[in-house]
Amino acid sequence: MTGLLKDLLGHQAWADAMFFHAWAKSDFREDPDLRIRTGHLVAVQEAFLGVLKGETRIPEEPPTPDFEALKAHCRTNHEAFRALGRGLDAASLARIVRVPWFPDPPCLVSVAEALTQVCLHSQHHRAQNMTRLKALGVAPKNVDYILWLWKQRPEGRWDL
């Protein structure tokens, strides 16, 4: 996989790691808003990984894990997206998958569109989480895509 989609997935991994770094420095690891929203973000990433592997079941959102479990799940998701991306060429990106939680009419999208949705969905909720950190008095991280490009596309650093 090359191009913009690869960059969006790389940015997403970096930005999620930066969010967890900011959250870890706070006194709000147990904040219900942050935990619930991040749990949803992580569950949707996992659900789309399942869709891309051909799963047809509608996933259930699990109970909200604690901070460390959320971080570990998110990191694992990004490792899976990265591994998946290494094997995607133009034909596999064009392959049509069905998103099972939109049953009627069926939601049929390309693999490229599904991956784009994951990036945009994560960006939406990550921004909400950064806003929540700011409201709690925590200095949020600026994770704009342009900053990631300017910094030469760094990897997500999960163990800061």
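Readers should treat all values here as calculations from the given coordinates under stated rules, not as data from a laboratory. Since we're looking at a predicted model, the values are computed, not measured. All Cβ positions, even for glycine, are placed from backbone atoms using ideal geometry, and neighbour counts span all protein chains on display.
Can you give the local net charge around ARG75? Use residues other than it whose beta-carbon is closer than 11 angstrom to its beta-carbon, Lys and Arg +1, Asp and Glu -1.
Local charge sum for ARG75: -1.
Across the chain, how many lysine pairs separated by 8 or more positions, or lying on different chains, have Cα atoms within less than 29 Å?
Lysine pairs meeting both conditions in the chain amount to 14.
How would segment 26-66 be classified by its alpha-carbon gyration tensor: rounded, prolate or oblate, with rounded meaning a/c under 1.5 and the a/b versus b/c comparison settling the rest?
prolate
At ARG98 and ARG57, where each label point lies 7 Å from the Cα along Cα→Cβ, what is the point-to-point distance in nanometres?
1.7
Looking at [x] 23, 19, 16; [y] 27, 19, 12; [z] 31, 20, 14, which value of semi-axes √(5λ) of the Cα gyration tensor in Å comes from a calculation on the structure shown?
Looking at semi-axes √(5λ) of the Cα gyration tensor in Å for this model, the match is [y].
Measure off 7 Å from each Cα along the Cα-to-Cβ vector at SER26 and ASP89, then give the distance between these two points in nanometres to one decimal.
It works out to 4.5 nm between the two label points.
Could you give the dipole magnitude of segment 4-150 about its Cα centre, charging the beta-carbon of Lys and Arg +1 and that of Asp and Glu -1, in debye to the nearest 20?
With Lys and Arg at +1 and Asp and Glu at -1, about 280 debye.
How would you rank 70-76, 29-35, highest first, on the average number of other Cβ atoms within 10 Å across their residues?
70-76, 29-35
Testing the spin-label approximation: label points 7 Å from Cα along Cα→Cβ at ASP33 and GLU155. State their distance in nm.
3.4
Please list 55-66, 92-103 highest first by mean number of surrounding beta-carbon atoms within 10 Å per residue.
Ranking the peptides 55-66, 92-103 by packing returns 92-103, 55-66.
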